[in-house]
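J.: Provided herewith is a single structure, encoded as C-alpha cells, for subsequent inquiry.
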Amino acid sequence: MSVYTIVERDQLNAFLSHYNLGTLISYQGINAGIVNTNYFVTTQAGEWVLTLFEQLSCEELPYFLKLMAYLAEHQVPCPHPLADETNCYLRQLNGKPAALFERILCGQAVEQPTLTQCQILGTALGHFHIISPHFPLYRPNEHGPHWWKITAERVLPYLNTAEATLLREELRFQTQYQHMDLPRGVIHADLFRDNALFEGDKLCGILDFYYACNDVLLYDLAITINDWCTFPDGRLDEQRVQILFASYCEQRPLTAFEHEVWPVMLRAAALRFWLSRLQDWYFPRPGELTHTKNPVEFREILLSHINS
Ligand SMILES: Nc1ncnc2c1ncn2[C@@H]1O[C@H](COP(=O)(O)OP(=O)(O)OP(=O)(O)O)[C@@H](O)[C@H]1O
Ligand SMILES: N[C@@H](CCO)C(=O)O
C-alpha cells in the first residue's frame, strides 16, 4: 500500500480549512502508485485527491502543478490542482509538500488498449504537444543522454556479455544524434497505460506528470507508442502504431526530419526505460515500495526496433 505518510483527521481538517471546500466527510488512502502518498478525500463540495510529495521538493513542484493547471485549462483531460486561500497550489502537510486535485471520477487504466483507445490517446497527445510549447516554465529532462551514460556505468557490471554489448552499442548509436532541429516543448515523458484512465472509449484523464520536462516532442510520442502499441514479445503492433501515430499527426503533423529520425527515437525511448528499470532492479531505493517492473521487456523492445 502506497501510503508513506499517515494523515490524521485533525491534520486534514486543518489543511482543508485553507480551501473553500466545506467540511470533511471522509478520506481514504489510495493503494496504487509508488512514489507519492495519495488519499481520496470527500468534502461537502465534492471529491478530491490529496497528494503528499515524498520526493519532489517545494522548489521543483510549481512547474508540475502549474503545468497540470495549464493543461487542464487547455482541454487536456487531467486533474486541475486546487488553489488555497492565498491562491497557491502548494501547501505543507505533516512535514511534506502537499496539494489537492480534482478527482477524476471515471475510468481505469487499460492493459490491452483497443484500436479506438489508441486513436483517442494519439489525439490527446497531439493536442498536448500543440499547446505545450507555449507553457512558460522550463525544466530540463533529468533522464536525458547524460543520465543514460551515468546509469549505464552503474548497471553495466550486472549485465551479461550480450546485454552489456547491446547497451554500449546503443549508447554509441544514440550519440550520433543531437536532435537539435526537432520541435520541442513540454513532454509528459511517462505516458504509459497505467497513467491514463479510460472508460470504454472515453479518455477520462491523464495522470502523473512528475517526469514532465522540456524536450523533443517526438520522443514523447515514441515513449507512448513503445508502451501502448507493443506485443508482450517486444514487437510493435503495427495496427495500433498506425492508428495512434495517424491521430497524433492529425493534431500535429510531423516534419520531414521527424519522420526521418522516428526509428532512432523509438530506440532512444526504449533505451531510457530499459536503463531506469535496470537501475530500479539492481539498486532498489530503500524505503520505497517496490512494484519493480521487468527490465527485460524494454531490452526486447529495443532489440525489436534495432532488428526491424
Ligand atoms: N486526480 C485523480 N483522480 C482520480 N484518481 C487519481 C487521481 N490522482 C491519482 N489517482 C489514483 O491514484 C493512483 C496513484 O496515483 P499516481 O499514479 O499519481 O501515483 P504516484 O505514486 O504519485 O506515481 P507513480 O505512478 O509514479 O507511482 C492512480 O493510479 C489513480 O488510481
Ligand atoms: N513507466 C515507468 C515507471 C515509472 O516511471 C516504467 O514502466 O518503467
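Any read-out appearing in this document is the output of simple, stated calculations on the displayed coordinates, not a laboratory observation. Remember, predicted model here, so these are calculated numbers, not experimental data. Cβ sites come from the backbone with ideal geometry, for glycine too, and all protein chains shown count toward neighbours.
J.: Between residue 171 and residue 201, what's the calculated FRET efficiency when r is the beta-carbon distance and R0 is 41 Å? Round to 0.05.
T.: The pair residue 171/residue 201 has a calculated efficiency of 0.55.
J.: Enter the mean projected area of the convex hull around the alpha-carbon atoms of segment 81-126, in nm², rounded to one decimal.
T.: Directional mean of the projected Cα hull area for segment 81-126 stands at 5.6 nm².
J.: If I take all pairs of Cα atoms in segment 235-289, what percentage of them are more than 14 Å from each other?
T.: Distances greater than 14 Å cover 71 percent of the Cα pairs.
J.: Assigning unit charges at the beta carbon (Lys, Arg +1; Asp, Glu -1) and nothing else, what dipole magnitude in debye, to the nearest 20, does segment 115-307 show about its Cα centre?
T.: On the way: 17 positive and 24 negative charges, 74 e Å.
The dipole of segment 115-307 has a size of about 360 debye.
J.: Kindly list the residues of segment 15-32 that lie in the label zone of residue 73, defined by a backbone N under 19 Å from the point 7 Å along the Cα-to-C-beta vector.
T.: Residues 20 qualify, since their backbone N sits under 19 Å from the label point.
J.: Project the alpha carbons of segment 9-102 onto their principal axes and report the range along each, largest first, in whole Å.
T.: 31, 28, 26
J.: What 222 nm value per residue comes from the helices of the chain, counting each DSSP H run with n ≥ 4 as -39,500 (n - 2.57) and dividing by all residues, nearest 500 deg cm²/dmol?
T.: Theoretical 222 nm ellipticity from helices: -13500 deg cm²/dmol.
J.: For segment 203-274, what D do you get in µm² per second when you plug the Kirkwood radius from alpha-carbon pairs into Stokes-Einstein at 37 °C and 0.692 mPa s?
T.: On the way: Rh = 13.2 Å.
Here the translational diffusion coefficient equals 249 µm²/s.
J.: Per residue of segment 172-178, in order, report the coupling 6.51 cos²θ - 1.76 cosθ + 1.60 (Karplus, θ = phi - 60°) as ³J(HN,Hα) in whole Hz, putting x for Gly and Pro.
T.: Karplus-based 3J(HN,Hα) across segment 172-178 equals 5, 4, 5, 5, 6, 10, 9 Hz.
J.: State the three equivalent ellipsoid semi-axes of the chain, derived from the C-alpha gyration tensor as the square roots of 5 times its eigenvalues, in descending order and whole Å. Walk me through the numbers before you get to the answer.
T.: Values: eigenvalues 232, 101, 65 Å².
Calculated on Cα positions only, the semi-axes equal 34, 22, 18 Å.
J.: Considering the chain as a Gaussian network with a 10 Å cut-off on Cα pairs, which listed residue, 36, 195, 87, attains the greatest mean-square fluctuation?
T.: Taking springs between Cα atoms under 10 Å, the residue moving most is 87.
J.: Which of the lysines could be linked to residue 293 by a straight reach, that is with a Cα gap under 25 Å, when you skip same-chain ones fewer than 8 residues away?
T.: By straight Cα distance, residue 293 reaches 149.
J.: May I ask you to compute the full-extension gain from residue 256 to residue 242, defined as 0.36 nm times their residue separation minus their alpha-carbon distance, rounded to one decimal in nm?
T.: This chain segment gains 3.3 nm when fully extended.
J.: Another question, if that's okay. For a quick protection proxy, order the peptides 178-191, 267-280, 15-28 by their average other-Cβ count within 10 Å, most packed first.
T.: The most tightly packed comes first, giving 267-280, 178-191, 15-28.
J.: Using r as the Cβ-Cβ distance of residue 296 and residue 6, and R0 as 45 Å, what FRET efficiency do you calculate, to the nearest 0.05?
T.: Computed FRET efficiency for residue 296 and residue 6 comes out at 0.80.
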